[in-house]
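What follows is a structure written as structure tokens; I'll ask about it next.
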Amino acid sequence: MTAAGSANRFFPSDFAALSAQETAAAVRSRALRAVDVVAAALERIGRLDPQLCAFVEVWGEEALRRAGEVDGRVAAGEGLPLAGVPIGVKGRRGLRTAAPLLAAGCVAVGATAVPGPGTPWQTWGLGARGRTVNPWRADRTPGGSSAGSAAAVAAGLVPLATGSDGAGSVRIPAAWCGVLGLKVTGGRLPTADRTGLTAPGVLTRCASDAAAYWQVVSGDAPRPGGRAAATAVWSPDLGFAGPDPDIVAVAHAAAVRLTEAGALRLVRPSVPLRLEDPAPAWLALRSPGAEPASAHRVRAENDRRLAALFADAELLLTPTTPNPPHGHEGPGDRYSTALTWAFNLSGHPAASIPAGFGGDGCPVGLQIVAPHGREDLLLRTVAHIAPIACVRI
């Protein structure tokens, strides 16, 4: 947290670097006003979003009014856990799912970009002024479908943004924009998806902010820390995918760093993990009128194999995507979801954390998967990563 002098004053230029928890602590202590934090976020959005196109709508007047209400609640003695934190919400319908965050003191500043109409691929976004760009390289997509949320967090427009993940829609943009993305256990939180494949999630630059999000939306109290190093299995391809070798190398190096930091201990499973390719099953479950029998067979078999793996280890590590961010013309015939959508079928909680950079200068993600209901273990592991600085654009 940056302060100016003994008076602990802040300047608007400081606000983008603050985590959600740092912002909330400053607002609760009344070192900052929520209205000033939100005004600074709106100014940054107004200045940078014409380049990023991360937002489809910006709710300036309403956000300032809500921020004033937060200041009033703080003055009345409410201990709001996320007081005054400006957030982006995925899409124009995102306010409904953000309700617990707003009750905790967050202020929604706008709706973030999602894929527009016209193509079947979802790893892109369409903001109010045009296509959403990757903050690291404007000629590359940010991923999707939580495209604007990832871009907004990476560029420091907001410290936290909501997402939803039906096949990797939080984890893929987190990987390609170099931020942290969490998909929660399937069925743990409400979702409108009739197939049950989609789970809510969040994008942040700090692991502690993801943990704060989870505590607010789930109501779960933090669990005791337990032993420091969780056992983990590394899989470069889940037994079926064909990831690029340089992507595998960057992700594996990040897994080694987590081992060296004491976050986990890599072990060999008693039986190598070889999942069946989930693509046909996922597509069948998403297609009205498709015969689901084969999809249920693949899901049941993969569930059996994952249960065997989690009997040997507490975590599973993979690259988040098999490929780097593609251009705005589209992904071609490659599925960027190859390593993520297996865990939408299985319902396991999973996160993508920054692993490093590929040869194209774009970020690469490391995916960490935990047993059902073990978001606490997942968040305890990712807590070992350092806070992520905003991309300078």
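Please compute the modelled spin-label separation between Arg268 and Ala128, points set 7 Å along Cα→Cβ, answer in nm with one decimal.
If labels sit at Ala128 and Arg268, their model points lie 5.7 nm apart.
Please find the FRET efficiency linking Glu62 to Arg194, where r is the Cβ-Cβ separation and R0 is fixed at 30 Å, and quote it to the nearest 0.05. Intermediate results must be reported in sequence, preceding the final value.
Working: r = 31 Å, r/R0 = 1.04.
It comes to 0.45.
Size of the dipole of the chain about the Cα centre, Lys and Arg at +1 and Asp and Glu at -1 on the beta carbon, nothing else charged, in debye to 20?
On the way: 37 positive and 32 negative charges, 83 e Å.
That gives the chain a dipole magnitude of about 400 debye.
On to the next question. At 1.4 Å probe size, with the rest of the protein present, what percent of the exposed accessible area of region 39-175 is carbon and sulfur atoms?
Values: 2620 of 4780 Å².
Carbon plus sulfur share of accessible area: 55 percent.
Working only with C-alpha atoms, what are the Rg and Dmax values of region 178-268, expressed in angstrom?
Radius of gyration, then largest Cα-Cα span, for region 178-268: 15.9, 42 Å.
Over region 71-213, what is the percentage of antiparallel beta bridges among all DSSP beta bridges, to the nearest 5? Can you show the working numbers first?
Details: 13 of 20 bridges.
Within region 71-213, antiparallel bridges account for around 65 percent of the total.
Semi-axes of the equivalent ellipsoid of the chain: what are they in whole Å, largest first, if each equals the square root of 5 times a C-alpha gyration tensor eigenvalue?
Numbers: eigenvalues 219, 105, 78 Å².
Equivalent-ellipsoid dimensions as semi-axes: 33, 23, 20 Å.
Continuing with the same structure: Run through the DSSP bridge list for the chain and note the antiparallel percent, rounded to the nearest 5. Don't jump to the answer; show the numbers that get you there.
Values: 32 of 45 bridges.
Percentage antiparallel, nearest 5: 70.
Roughly how many debye, to the nearest 20, is the charge dipole of region 242-363 about its Cα centre, given +1 on each Lys and Arg Cβ, -1 on each Asp and Glu Cβ, and no other charges? Each step should come with its number before you reach the end.
Working: 10 positive and 13 negative charges, 76 e Å.
Using only the charged Cβ atoms, the result is roughly 360 debye.
Over region 44-121, what is the percentage of antiparallel beta bridges among all DSSP beta bridges, to the nearest 5? Intermediate values should be presented prior to the final figure.
On the way: 3 of 8 bridges.
So the antiparallel bridges amount to about 40 percent of the total.
Can I ask one more? Ignoring everything except DSSP H segments at least 4 long, calculate the 222 nm mean residue ellipticity for the chain; use -39,500 (n - 2.57) per segment, divide by total residues, nearest 500.
Working: 13 runs with 137 residues, N = 393.
Rounded to the nearest 500, it is -10500 deg cm²/dmol.
I've got another one for you. How big is the gap, in Å, between the Cα center of region 310-337 and the Cα center of region 47-99?
Value for the Cα centre distance between the two parts: 31 Å.
Moving to a separate point now. At a 1.4 Å probe radius, carbon and sulfur cover how many percent of the accessible area of region 239-300? Write out the running numbers ahead of the final one.
On the way: 2040 of 3480 Å².
Its accessible area is 59 percent carbon and sulfur atoms.
While we're on this one: Given Cα positions, please report Rg to Rh for region 98-154, the hydrodynamic radius being the Kirkwood one. Present the calculation step by step, with values, prior to reporting the outcome.
On the way: Rg = 12.6 Å, Rh = 12.0 Å.
Rounded to two decimals, Rg over Rh is 1.05.
Express the accessible area of the chain per residue in Å², computed with a 1.4 Å probe while the remaining protein chains stay in the model. Please list the in-between numbers first.
Details: 15630 Å² over 393 residues.
In whole numbers, the chain has 40 Å² accessible per residue.
Just the number: Rg to Rh for region 328-393, Cα atoms, Kirkwood Rh, two decimals.
Working: Rg = 14.5 Å, Rh = 14.1 Å.
With Rg and the Kirkwood Rh in hand, the quotient comes to 1.03.
Distance in nm between label sites at Ser294 and Arg392, each 7 Å beyond Cα in the beta-carbon direction?
5.3
Starting from 0.36 nm per residue, how many nanometres of slack lie between Arg92 and Ala261 once their C-alpha separation is accounted for?
On the way: separation 169, 0.36 × 169 = 60.84 nm, distance 4.03 nm.
Full-extension gain reported as 56.8 nm.
Taking K and R as +1 and D and E as -1, what net charge do the other residues with C-beta under 12 Å from the C-beta of Ala192 add up to?
Details: positive: Arg93, Arg96, Arg194; negative: Asp193.
Every neighbour counted, the sum reads +2.
For the chain, take the longest principal axis of its alpha carbons; what is the angle in degrees between that and the long axis of helix 245-260, to the nearest 10 within 0 to 90?
70
Relative to the longest principal Cα axis of the chain, at what angle does helix 207-218 sit, 0 to 90 degrees, rounded to 10?
90
Rounded to two decimals, what ratio of Rg to Rh does region 1-151 give with C-alpha atoms and a Kirkwood Rh?
Details: Rg = 16.1 Å, Rh = 15.9 Å.
That ratio is 1.01, to two decimals.
The values are calculated or read from the model by the stated rules, or taken from the named source; none is laboratory data. These numbers come from a predicted model, not from an experiment. Glycine also receives a Cβ, built like all others from the backbone with ideal geometry; neighbour counts cover every protein chain displayed. SASA here: full protein model, heavy atoms, side chains in, ligands and nucleic acids out. Shrake-Rupley method; radii C 1.70, N 1.55, O 1.52, S 1.80 Å.
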